[in-house]
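Down below is the structure, laid out as structure tokens.
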Amino acid sequence: MATPASHIRNFCIIAHVDHGKSTLADRFLQVTGAVEERKLKEQTLDTMDIERERGITIKSVAVRMNYTAQNGERYVLNLIDTPGHVDFSYEVSRSLAACEGALLLVDAAQGVEAQTLANAYKAIEQNLEIIPVINKIDLPNSDIDSVRRQIEDVVGLDASEAILASGKEGTGAIEALEAVIRKVPPPSGNRETPLRALIFDAKYDAYRGVIIYIRVKEGRIVRGSKVMMMSNGLKYEVAELGTFRPEITPSDSLEAGEVGYLICNIKTLQSTKIGDTVTDANRPAAEALHGYKEPQSVVFCGLYPAVANDFQELRDALERLQLNDASFTFQADTSDALGFGFRLGFLGLLHMEIIQERLEREFNLTLVTTVPNVAYQITKKDGSQFTIENASKMPPPGDIEVIEEPYIEAEIICPTEYLSGVIDLCKKKRGIHVRVDYLDAKRCIAIYQMPLAEIVLDFYDKLKTLSRGYGSLEYHLIGFRPGDLVKLDILLNTEPVDALSSIVHRDRAEWMGRQLASKLRTLIPRQQFEVAIQAAIGSRILVRETVKAVRKNVTAKCYGGDITRKRKLLEKQKEGKRRMKQVGSVEVPQEAFMALLRVGEDADK
Amino acid sequence: MTGIYIHVPFCRTICPYCDFVKRPIKGAAPDAFIHALTREIEAYDGDLDAETIFFGGGTPSLIAPESLATILDVLHRKFRIASDVELTLEANPDDITQDLLDHWKALGVNRVSLGVQSFDDEVLRYLGRRHDADGARRACGLVAASFLNWNMDLMFGPHPVSAYPATLAECASFAPPHVSSYGLTYEAGTPFGKRSHEAIDEDSYLRLYALTAESLRGLDRYEVSNYARSGFECRHNLRYWHNDTYAGFGPAAYSFLDGIRARNHVKLEKYLADPGGKCEALNLTRREIQIETVIQYLRLREGLSTIEYEKRFDSSLRSDFGDVLRALVSRGLLEETVEGFRPTAAGFELNNEIGLALVDAPVR
Ligand SMILES: Nc1nc2c(ncn2[C@@H]2O[C@H](COP(=O)(O)OP(=O)(O)OP(=O)(O)O)[C@@H](O)[C@H]2O)c(=O)[nH]1
Ligand code: SF4
Ligand SMILES: [Mg+2]
């Protein structure tokens with residue numbers, strides 16, 4: 001029997017990373033009995049291995065709960081737990097579009113941070129009812145009054161009725177659900193008008209194909225009916241539909257206001273567009289719902305099999321992984337140094353790390369990764385224009401009229417005592433000062449425009465270090481701007497190695513070249529022959545470093561059983577060598593291709 | 001035909017660089033050990049034809065002559081010992097007396113390996129050895145006078161490094177037919193392991209290594225660290241470098257029989273309770289044996305001949321390892337001869353590179 005819309009609430013939990021969303025969600029699952037007590041673990045909704053290992057949420061998760069409120073009525077609560085990390089903010093946007101309300105969690109000890117603000121604004125823009133929750137009040141250093149003031153002054157929400165909660169101890173969980181019922185409006189859509197359902201996520205399942213996550217906005221959808229995707233007119237029969245409890249649970253229909261899933265024999269994730277509208281094929285709606293932008297890759301890197309023979313395997317792995325996760329892009333690419341491989345696009349550095357890790361782990365591949373870079377727009381003197389996602393594709397300097405690079409606007413929230421450090425860091429990273437606002441007596445927000453490339457390298461780590469963990473960062477792209485950029489090349493035994501090229505600002509090129517060459521000297525192991533490492537801009541050699549040849553490598557004694565022990569030792573050493581890439585006559589370890597990322601490390605210490 | 005190795009795990013004092021299995025004792029090797037050893041030999045049921053016997057340690061010169069007689073008696077009863085057997089006993093200079101040497105000769109010992117290490121008192125102190133330079137001279141004189149076939153163990157690398165040329169010169173004055181000279185290693189797990197910063201640099205190492213070969217006139221470097229007058233190569237050790245079989249007795253001793261590389265219990269108590277009990281036994285694959293054989297042969301000046309390999313494995317060296325061996329030739333580590341392959345001078349200095357290339361040679 002369908003629940004009347006008046007007894008449905010769709011809401012999500014949003015917050016800055018680590019403010020306790022998934023832990024509070026555990027308490028909701030517990031008090032509503034949605035998950036059996038014995039199946040409940042910490043952050044139950046973080047189901048991916050990588051989420052559990054790293055203790056962060058990467059994908060939004062929807063779950064349906066039945067709840068008998070204090071007024072005695074039974075409600076269906078559709079909850080979406082969202083990620084807090086900046087790389088995955090597009091997940092938050094999708095989730096918001098499926099809800100009428102949001103719980104905005106703020107860590108009682110940390111206070112309002114950059115993604116608190118960014119996510120709250122997203123919810124405000126979408127007209128969601130926002131319920132502030134001050135979480136982790138069990139922490140000894142929590143400061144509820146100050147956080148309450150921050151929510152009012154900084155976010156601009158009335159915090160007088162903010163819920164005081166501890167996801168860890170369970171305090172405030174019931175109050176939060178009661179507030180959701182009281183304050184979040186029930187879904188408003190008419191159940192009799194033509195179907196309009198928003199696709200807010202999709203997932204690939206090896207047995208069932210693509211599972212589409214939808215929020216039915218208007219009308220109803222029934223099993224066996226014919227639906228149509230409004231972006232491309234493709235029609236499918238609904239093989240199965242249902243809700244998340246939190247496992248997918250089939251039902252006969254989904255009504256306006258409900259959140260659930262659809263399975264209609266779709267084979268690839270690529271053919272499903274997040275943000276698309278599903279309608280009734282026989283009685284289509286006139287207009288699609290307001291969707292959202294596809295997430296855009298901002299960071300790119302090369303990915304090569306350590307052993308050339310594994311190219312086809314790598315391609316298969318990428319295709320398979322993309323079935324599960326359409327958030328990254330890839331295309332075939334070749335490198336003189338590394339051979340056949342791929343260029344991948346990611347939403348951010350953490351996203352890149354995660355995809356790489358999954359490829360190595362889930363597909364058992366040994367990979368060589370090149371240093372990440374952003375995309376550049378090149379205008380040549382002959383007027384032609386194009387975008388490059390790979391430094392080695394840069395035309396000779398003489399042909400270039402202008403190089404443009406992506407800029408972002410960054411909002412950095414930090415305690416005022418760290419402001420001068422933050423400003424120095426932004427300056428060093430070619431930041432353009434926009435303004436600094438004081439959020440209260442102790443905290444401020446610095447707004448800077450900066451080349452994205454500077455953020456990609458090590459900005460976040462540096463920010464965290466200089467602010468002792470209290471600084472937080474949010475950014476969004478604001479477009480391309482010309483930059484005085486040059487290509488920095490690395491030569492090994494006088495041969496340029498394309499995979500080691502990078503695009504850097506002219507003023508820093510020389511410094512960077514020196515740093516990079518000396519870092520490479522420490523990373524490239526000694527070999528039978530001397531290895532010369534040179535950094536160059538065009539034909540100008542900036543610096544030369546040398547890796548001396550190994551002249552002696554011999555076990556003085558080898559008697560009796562020693563040989564078997566020695567063979568095993570050699571095998572182990574060889575295993576290490578397999579992680580090396582033969583570039584010309586030089587064996588280069590994988591880390592060397594990431595050396596640029598580590599250049600700053602020593603220099604700034 | 002096989003070789004016999006007997007491990008004697010006792011020393012009077014313990015040298016801080018040494019990673020052999022041994023423990024300090026006051027007097028002679030204890031009866032309990034001799035007893036366990038004889039039991040182990042009696043229980044042996046492998047190849048019974050032996051052409052070499054090697055008493056290593058530890059310090060075999062700590063075995064009392066009567067005990068040595070007992071062990072050899074058991075060996076002779078168990079094995080068919082070749083009439084031209086090579087019977088080596090390792091000795092510490094301090095233990096050598098004319099009386100002892102006479103006993104050994106009478107018992108059939110025909111090769112003595114003397115742990116001299118250096119003729120410099122400072123070096124010997126650095127190494128924590130129990131003898132001094134004069135003790136070494138005295139022992140060398142006695143051994144050289146009594147034995148035609150003997151070995152002098154030397155070491156290069158301990159400080160002061162400058163003493164090594166004089167040690168080599170003094171070594172030559174005793175005209176041993178066989179010399180082993182090892183580069184000192186600061187083995188992890190020994191007291192020296194924490195002092196690895198004292199190790200000499202590669203260039204000095206190679207200089208001293210080259211100096212060894214130059215100074216020992218009349219002796220050829222027939223293995224990475226071993227030098228001999230023609231005909232005096234150590235037959236027992238050649239079995240190791242040819243990856244031939246051997247039967248090991250005593251705690252921690254390895255055996256290699258029927259493709260199984262096994263090791264006796266390392267701890268003396270365990271060994272005494274269960275002589276011949278194994279702590280490890282690896283059944284090597286044919287491929288592993290092939291790889292180990294090639295690696296070992298390529299420690300030798302003579303190298304590995306294709307005929308020898310074919311006789312042993314009934315398979316062709318060039319088809320099993322040709323690509324890797326030729327790549328090593330082009331790297332200057334091996335030379336190809338009409339007979340097969342052998343290491344170059346660089347192939348000695350970078351001998352592990354040869355092993356590295358061979359361990360995962362693609363199977364065809
Ligand atoms: N003391 C205390 N710790 C909490 C509480 N809630 C969560 N934590 C801890 O805070 C950390 C982050 O918790 P999560 O629930 O994973 O936070 P999250 O907001 O879901 O994190 P992301 O999804 O990665 O943004 C974990 O170590 C939790 O144990 C709480 O109420 N009190
Ligand atoms: S070097 Fe020889 S004498 Fe010294 S402890 Fe080792 S085995 Fe004993
Ligand atoms: Mg989470």
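The values are calculated or read from the model by the stated rules, or taken from the named source; none is laboratory data. If you're wondering where the values come from, they're calculated on a predicted model, not measured in any experiment. Cβ sites come from the backbone with ideal geometry, for glycine too, and all protein chains shown count toward neighbours. With ligands, DNA and RNA removed, areas are computed over all heavy atoms of the protein, side chains included. Shrake-Rupley method; radii C 1.70, N 1.55, O 1.52, S 1.80 Å.
For segment B:1-100, trypsin sites (Lys or Arg not before Pro) are listed when DSSP marks them as loop and at most 16 other Cβ atoms sit within 10 Å of their Cβ; the list is B:ARG12, B:LYS26.
Filter the trypsin sites (Lys or Arg not before Pro) in segment A:360-392 to those in DSSP coil with at most 14 other Cβ atoms within 10 Å of their Cβ, and list the result.
Working: sites: A:ARG361, A:LYS380, A:LYS381; in loops: A:LYS381.
Passing sites in segment A:360-392 are A:LYS381.
Summarising the strand pairing of segment A:71-205, around 10 percent of its internal DSSP beta bridges are antiparallel.
About its Cα centre, the protein assembly as shown has a charge dipole of approximately 400 debye under the convention of +1 per Lys or Arg Cβ and -1 per Asp or Glu Cβ, with nothing else charged.
Counting each DSSP H run of 4 or more residues in the protein assembly as shown as -39500 (n - 2.57), what helix-only mean residue ellipticity at 222 nm follows after dividing by all residues, to the nearest 500 deg cm²/dmol? Display every interim value, and only then the final one.
Numbers: 27 runs with 288 residues, N = 969.
That calculation yields -9000 deg cm²/dmol at 222 nm.
Proximity of backbone amide H atoms, modeled 1.01 Å from N, is registered between A:PHE330 and A:GLY345 at under 5 Å, excluding neighbours fewer than 5 places apart on the same chain.
Computed from the Cα positions only, the extents of segment A:5-183 along the three principal axes stand at 39, 37, 34 Å, in decreasing order.
List the trypsin sites (Lys or Arg not before Pro) within segment A:223-270 that DSSP assigns to loop and that have no more than 13 neighbouring Cβ atoms inside 10 Å. Intermediate results must be reported in sequence, preceding the final value.
Values: sites: A:ARG223, A:LYS226, A:LYS235, A:LYS267; in loops: A:ARG223, A:LYS267.
When the trypsin sites (Lys or Arg not before Pro) of segment A:223-270 are filtered for loop state and at most 13 Cβ neighbours within 10 Å, A:LYS267 remain.
Computed over segment A:68-173, relative contact order equals 23 percent, with contacts defined as Cα pairs under 8 Å that lie 6+ residues apart. By a 1.4 Å probe calculation restricted to protein chains, B:ASP132 has an accessible surface near 70 Å², given to the nearest 10. Entry note, chain A: relative contact order of 10 percent, from Cα contacts under 8 Å with a spacing of 6+ residues. Under 16 Å of direct C-alpha separation, and excluding same-chain neighbours fewer than eight residues apart, A:LYS235 reaches these aspartates and glutamates: A:ASP276, A:ASP280. Of the residues A:ASN232, A:LEU262, B:TYR222, the one whose Cα sits farthest towards the positive end of the charge dipole of the protein assembly as shown is B:TYR222 (charges of +1 on Lys and Arg Cβ, -1 on Asp and Glu Cβ, taken about the Cα centre).
So, for segment A:1-92, what is the accessible surface per residue at a probe of 1.4 Å, expressed in square angstrom? All intermediate terms of the calculation are to be shown ahead of the outcome.
Numbers: 3500 Å² over 92 residues.
Accessible area per residue, segment A:1-92: 38 Å².
Under unit Cβ charges (Lys, Arg +1; Asp, Glu -1), what dipole magnitude, rounded to 20 debye, does segment A:410-522 have relative to its Cα centre?
On the way: 17 positive and 15 negative charges, 49 e Å.
The dipole magnitude comes to about 240 debye.
Give the separation of the Cα centroids, segment B:169-202 to segment A:81-102, in Å. About 67 Å separates the Cα centre of segment B:169-202 from the one of segment A:81-102. When the listed pairs A:LYS203/A:LYS464; A:LYS393/A:LYS428; A:LYS122/A:LYS217; A:LYS59/A:LYS122 are checked against a 23 Å cut-off, the alpha-carbon distance exceeds it for A:LYS203/A:LYS464; A:LYS393/A:LYS428. From the alpha carbon centroid of segment A:322-387 to that of segment B:258-275 is 55 Å.
Sum up the lysine pairs in chain B that clear both bars: alpha-carbon distance under 19 Å and a spacing of 8 or more or different chains.
Values: B:LYS22/B:LYS267; B:LYS22/B:LYS270; B:LYS22/B:LYS278; B:LYS26/B:LYS267; B:LYS267/B:LYS278; B:LYS270/B:LYS278.
Value for chain B: 6.
If I histogram all Cα-Cα distances within the protein assembly as shown using bins 20 Å wide from 0, what percent of pairs lands in each bin? Computed distribution, short to long bins: 12, 30, 25, 22, 10, 1.
Taking only protein heavy atoms and a 1.4 Å probe, what accessible area per residue, in Å², does segment A:377-482 have with all protein chains in place? Walk me through the numbers on the way to the answer.
Working: 4910 Å² over 106 residues.
Per residue, segment A:377-482 has 46 Å² of solvent-accessible surface.
Shown are B:GLU214, A:GLU409, whose ranking by accessible area with a 1.4 Å probe and every protein chain present, most to least, is B:GLU214, A:GLU409.
For segment A:44-163, give the magnitude of the charge dipole about the Cα centre (Cβ charges: +1 Lys/Arg, -1 Asp/Glu; no others), in debye to the nearest 20. Write down the numbers at each step before the final one.
Numbers: 10 positive and 20 negative charges, 65 e Å.
Using only the charged Cβ atoms, the result is roughly 320 debye.
Leaving out ligands, DNA and RNA, calculate the buried accessible area for the pair B and A with a 1.4 Å probe, summed over both sides, in Å² to the nearest 100.
On the way: alone 16160 and 27410 Å², together 40350 Å².
Interface between B and A: roughly 3200 Å².
Taking every C-alpha pair closer than 8 Å and separated by at least 6 residues, the mean separation divided by the residue count of segment A:487-604 gives a relative contact order of 27 percent. Amide H contacts of B:ILE63: B:ALA29, each under 5 Å away and 5 or more positions distant or on a separate chain (H built 1.01 Å from N in the peptide plane; Pro and chain starts excluded). Annotation for segment A:547-563 versus segment B:297-364: alpha-carbon center distance of 16 Å.
Share of the protein assembly as shown's accessible area from carbon and sulfur, percent, 1.4 Å?
So the carbon and sulfur contribution to the accessible surface is 49 percent.
3J(HN,Hα) couplings calculated from phi for segment B:326-331 with the Karplus curve 6.51 cos²θ - 1.76 cosθ + 1.60 (θ = phi - 60°) are, in sequence order, 5, 4, 5, 5, 6, 7 Hz; Gly and Pro show x. The residues of segment B:212-245 occluded by other protein chains by 20 Å² or more of accessible area, set against the chain on its own, are B:TYR240, B:TRP241; surface from heavy atoms, 1.4 Å probe.
Remark on B:CYS279: its backbone amide H falls under 5 Å from those of B:ARG263, B:ASN264, B:HIS265, a criterion applied only to residues 5 or more positions apart or on other chains, H modelled at 1.01 Å from N.
Averaged per residue, segment A:196-280 has 39 square angstrom of accessible surface, using a 1.4 angstrom probe with ligands and nucleic acids left out.
Can you work out the FRET efficiency for the pair A:SER160 and A:THR3, with r the C-beta to C-beta distance and R0 = 56 Å, to the nearest 0.05? Walk me through the intermediate numbers first.
Numbers: r = 32 Å, r/R0 = 0.57.
After rounding, the FRET efficiency stands at 0.95.
Using a 10 angstrom cutoff on alpha carbons, build the Gaussian network for chain B and name the most mobile of B:GLN290, B:GLN117, B:GLN98. Of B:GLN290, B:GLN117, B:GLN98, the most mobile in the Gaussian network model is B:GLN98.
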